[in-house]
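For reference, the structure discussed in these notes is given below.
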Amino acid sequence: MVSKSELRERALALPEVAEGSHFGMPAFAVQGSGFASISKGRLAAATAGLC
């Protein structure tokens, strides 16, 4: 399991990643397309369109 701080560190190490929020929780996006967020202590990731 990845901690919140590890997720943030890894996500922000990727090119063009912006940190924001989604429903008041930390979220990460590239060019406006979200790919990871934390919701109620759980990690949610979307991989569609990243390949």
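The values are calculated or read from the model by the stated rules, or taken from the named source; none is laboratory data. On a predicted model such as this, the values are computed, not experimentally measured, just so you know. For neighbour counting, all protein chains shown are included, and Cβ atoms are generated from backbone atoms with ideal geometry for every residue, glycine included.
Summary table below
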quantity	calculated
Flag for G34 being surrounded by 14 or more Cβ atoms within 10 Å (Cβ to Cβ), at pLDDT 85 or above and out of contact with any Leu (no Cβ under 7 Å at 6 or more places or on another chain)	yes
Boolean, A11 is assigned to a strand (DSSP E or B), surrounded by 11 or more Cβ atoms within 10 Å (Cβ to Cβ) and either of a type in the set (A, V, I, L, M, F, W, C) or modelled with pLDDT under 85 (or both)	no
